[in-house]
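The values are calculated or read from the model by the stated rules, or taken from the named source; none is laboratory data. Only a predicted model underlies this, so the values are computations on that prediction, with no experimental measurement involved. Here the Cβ is made from the backbone with ideal geometry for all residues, glycine too, and neighbour counts use every protein chain on show. With ligands, DNA and RNA removed, areas are computed over all heavy atoms of the protein, side chains included. Shrake-Rupley method; radii C 1.70, N 1.55, O 1.52, S 1.80 Å.
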Amino acid sequence: MATQKKGQGIAFKIPDHVEAPAVAAEPQADAKPAVPRTGVGMLSRMLSGAAADTEAVSKLNAEIEKLKLQVGEQLIDPRQITLTRWADRHVDSFSSQAFIELKQEIESAGGNVQPIKVRPARGAAAEQADGPRFELVYGSRRTRACLELGLPVRAVVDENVDDQALYIQMQRENRGRSNLSAWEQGVSYHKALNEGLFPSARRLAEQIGLDHSNVAKALRVAELPQEIVGAFRSPVDIQFRWAVALDKAYQQDPDAVLSAARLLAGRAPKPAAAEVFRSLTEAVSAKGKPKAKEASRSFVIADGKKGVIRAGKGGAVTVELPRGVLPPARWAAFETALQQLLSDLPEAP
């Protein structure tokens, strides 16, 4: 039996009549473009597509920025923004290297990319042209940078922020950016507690998301006497890890620490922060050390008079003789005899 070859037994039905078009059909509108057949062609097509994508992305970003301003953000004259009474940045924070770098970044971008948050100032009319219309919730460094650069500040206006919410948001946002110094935090916590925003320091710590021990340390720094704080070049130089030692030294001997602080404050220029801390804490330890007792020994001279050999705390030895025993005329002879005596003394065992 003959073996069937591949392709045999397949039937093809051809229409009886196929009418050829009179003219060549126009290409479909959605027809795919021809695929380049060379490497140069493929690369050229990729570059053209990338350029188109970049342009499209830029247009989309511009539209997003417009929508942001429409749904919550505004461009506000920073002169119309007032600080809240719980503002926690010390003036020295606006001359730090970190602030200078932030200001340069905002200048380069033409404004702050990350918006600040404000709430309408109490009693301010919406159409008010002069004076503050908004109260700052957070973003004091960005607001200050835009003010100094003469730029409008991008801001979210939130009309539903009460005092406690304002404080919590301010504290949490600060930690996400340039955190406050120990002194700045302590002063801020004291003010919030004194004005009744929180019933206790522990509750404050829970609300702002901090460990209670860190809040306690900051409060100890803020409770230091002004003389101690003034010994440093700036309050923002006082570090968290110094809080306990400074407070302990002051409690142990207030007079010694305050005296050392006044001396440091009077120096020009003031020493570095680490040196100030060391001087303040060592003021107590130096005063608290017991004085070394002076060793002395008496010996009898002629006529019952006594002399004294005394060893000072520095190790120096002095010989004290009663008046009249060694007149100036005999000093040279005494010196010669003393030298001879010392050379003849046996070595100590």
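A few comments on the model shown:
- Enumeration of residues in region 157-177 that are surrounded by 15 or more Cβ atoms within 10 Å (Cβ to Cβ) and within 11 Å of the chain's Cα centre (by Cα): Asn174
- Taken over region 78-105, residues that are open to solvent by less than 50 Å² (accessible area, probe 1.4 Å) and basic (Lys, Arg) amount to 1.
- Qualifying residue in region 216-233 (condition: open to solvent by less than 60 Å² (accessible area, probe 1.4 Å) and polar (S, T, N, Q)): no
- Of all residues making up region 195-208, the number that are modelled with pLDDT of 90 or more and open to solvent by 40 Å² or more (accessible area, probe 1.4 Å): 7
- Which numbered condition Asp253 misses (of (1) touching a Gly at 6+ places or on another chain (Cβ under 8 Å); (2) closer than 21 Å to Gly186 by Cα): (2)
- Residue within region 106-125 that is under 24 Å from Glu184 (Cα atoms), of a type in the set (A, V, I, L, M, F, W, C), surrounded by fewer than 17 Cβ atoms within 10 Å (Cβ to Cβ) and modelled with pLDDT of 90 or more present: no
- Test for Leu75: is it open to solvent by 50 Å² or more (accessible area, probe 1.4 Å), touching a strand residue (DSSP E or B) at 6+ places or on another chain (Cβ under 7 Å), modelled with pLDDT of 90 or more and part of a strand (DSSP E or B): yes
- Checking Ala218, Ala205, Ala260 one by one, the residue that is in contact with a Ser or Thr (Cβ under 7 Å, 6 or more places away or on another chain) and either in a loop (DSSP other than H, G, I, E, B) or free of Cβ contacts under 8 Å to residues at least 60 places away in the same chain (or both) is Ala260 and no other.
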